[in-house]
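Shown next, in structure tokens, is the structure this report addresses.
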Amino acid sequence: MAATTRLERIAEHERNEKWKNPPLRIEMSECINCDACLRHCPTQFGAIFNHGADVVIVPELCSGCDKCLPACPVNCIYPDPEWNAAPDAWWELPLSRLDPYK
């Protein structure tokens, strides 16, 4: 059974297989670190985090809903149909006390 809630997806490090859109990714060479995307990511997904100086999207948490796209002033967010699993360090972000979605 697919992980459906955000907490289940975090616990299982698994993307909901029913999501039709690919996850999104941030092209860091174009990003200006304004965090607008983070503020527009719906809390039920909560996929965007500050990771050091970078802003990252955890693909397993991203539904590809595109809510972050109009918020980005430099258009540096792209669909990532060939996505790879998030590195282990990124999974510490939704579990940390710095989780902006708590």
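The values are calculated or read from the model by the stated rules, or taken from the named source; none is laboratory data. Source: prediction; values computed, not measured. Neighbour counts run over all protein chains shown; Cβ positions are idealised from the backbone, glycine included.
General observations
- If the condition is being within 12 Å of I57 (Cα to Cα) and either without any contact (Cβ under 8 Å) to a residue 60 or more places away in the chain or surrounded by 15 or more Cβ atoms within 10 Å (Cβ to Cβ) (or both), then region 85-102 contributes A86, P87, W90, W91, L93, P94.
- Every residue from region 67-98 that is among the charged types (D, E, K, R) and modelled with pLDDT of 95 or more: K67, D80, E82
- Annotation: of all residues in region 7-46 being of a type in the set (A, V, I, L, M, F, W, C) and not in a loop (DSSP other than H, G, I, E, B), the one that is nearest to P87 (Cα to Cα) is I10.
- In region 40-84, residue surrounded by the fewest Cβ atoms within 10 Å (Cβ to Cβ) [restricted to those that are among the aromatic types (F, W, Y) and farther than 15 Å from L7 by Cα]: Y78
- In region 1-27, residue farthest from the chain's Cα centre (by Cα) [restricted to those that are closer than 25 Å to V74 by Cα and surrounded by 13 or more Cβ atoms within 10 Å (Cβ to Cβ)]: P22
- Qualifying positions in region 47-65 - at pLDDT 95 or above and assigned to a loop (DSSP other than H, G, I, E, B): A47, V58, P59, E60, L61, C62, S63, G64, C65
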